[in-house]
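The values are calculated or read from the model by the stated rules, or taken from the named source; none is laboratory data. Just so we're clear, the structure is a prediction, and the values are computed from it rather than from any experiment. The area values use the complete protein model at the heavy-atom level, side chains included, leaving out ligands, DNA and RNA. Shrake-Rupley method; radii C 1.70, N 1.55, O 1.52, S 1.80 Å.
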Amino acid sequence: MRVCNYLELEGPLRRSGWATSVAAQRKALADTDVELVTSPWYGGSLPSAAGHALSGDGAFVDYDVAHTNAIGPGSVALARHAKRHDRPLVCHAHITREDFAESFRGSEQVGPFLERYLRWFYSQADLVLCPSEYTKGVLDAYPVDAPIRPITNGVDIESLAGYEEFREEYREKYDLDGMVVFAVGNVFERKGLTTFCEVAQGTEYDFAWFGTVDDGPQASEPVRRWTGNPPENVTFTGWIDDKRGAFAAGDVFCFPAKVENQGIVVLEAMACGKAVVLRDIPVFREFYTDGEDCLLCETAAEFREALDRLAEDPDLRERLGENARETAREHSLERVGEGLKAAYEDVLAGRV
């Protein structure tokens, strides 16, 4: 079975959760008998494909199943090629209107148009994959006219190996001391930026957000405001070359995201045995248990109370971290590979 597992704009998206998820897919499938190609274009690029098309060879590579991971024109072209040649199409729903909101300037205004587009794009699929039951419910409500199957994004535990070795270097580099409260990922209001900073203002702990800060014209007002004039105890590091440094430097992972389809960084923090404090939203309730492998909070006051509990009770921090490691193991790449292979086999056999 030959699968075209395609992430459009893979280079520009390399710092996104999409790219992390797709890298995990491909690594997971490497241990199966699925043969992967990662570009639909003959010769590996669109210009090369155009040249081959003009010479009569065709623009697209040969594949049995098309698997799109984005929603742009290249993905539309692959989807149309698959449908025209009667080959199964799997669309991975990494984006919804809900999780696009409060990411960029004007994203709320774009939302209604994005929802209509996503409904059309995902409805072409023979099978839509998404990271959670929560996301399936969102897509069902649009509604998307295609079978929808949740499958975890998984976590590449091997990619975090040796993170402990970076602790001293990264804490010294960013002048961090004591119990460090941290977040990882692109700095968006949707990910709880305002709550993160407001919680920090009411504590004496060092807070650090490891991830890209967008200062272009598309940056939202909250991002400009908080990163331009952060609380004294908050550090925005910008992009770091090795994510292991973030998980080494931090002690308590604080992620007050308003909307997530799953949240790969949460699983990464758990895989590193970190105590995790999350906003109490449906998708986190789906995967995690308050008081067992995380603490769930609703208000800034509850977040501060949770951090104080963890600072005063190292045993609680250790217990939550150890339980979190076990939770992360439930989202292994082996499970991802099995799920993807089953999805491909099912669409080929018409069992969806």
For residue 203, solvent-accessible area (1.4 Å; no DNA, RNA or ligand), Å²: 20
At a threshold of 8 angstrom on Cα-Cα distance, excluding pairs fewer than six apart, so keeping six or more, what relative contact order does the range 199-352 reach in percent? 20
Cα pair distances in the range 245-308, grouped into 10 Å bins until the bin that holds the longest one, percent each: 22, 58, 20
D (Stokes-Einstein, µm²/s), Kirkwood Cα radius, the range 127-182, 0.890 mPa s at 25 °C: 165
Assuming 1.567 mPa s and 4 °C, estimate D for the range 193-233 with Stokes-Einstein, Rh taken as the Kirkwood radius over Cα pairs, in µm²/s. 119
State the Cα centre-to-centre distance between the range 237-283 and the range 85-120 in whole Å. 24
Taking Rh as the Kirkwood radius computed over alpha-carbon pairs of the range 202-352 and applying Stokes-Einstein at 25 °C with viscosity 0.890 mPa s, one gets a diffusion coefficient in µm² s⁻¹ of 142
Rounded to two decimals, the Debye log10 I(q)/I(0) of the range 100-246 (Cα scatterers, no solvent) at q = 0.14 Å⁻¹ is -0.87
GNM flexibility winner over the chain from 231, 217, 150 (Cα, springs under 10 Å): 217
³J(HN,Hα) across the range 103-110 via Karplus (A = 6.51, B = -1.76, C = 1.60, θ = phi - 60°), whole Hz, x for Gly/Pro? 9, 9, 4, x, 5, 5, 5, 6
For the full complex of protein chains and a 1.4 angstrom probe, list 120, 18, 226, 209 by accessible area with the highest value first. 120, 18, 226, 209
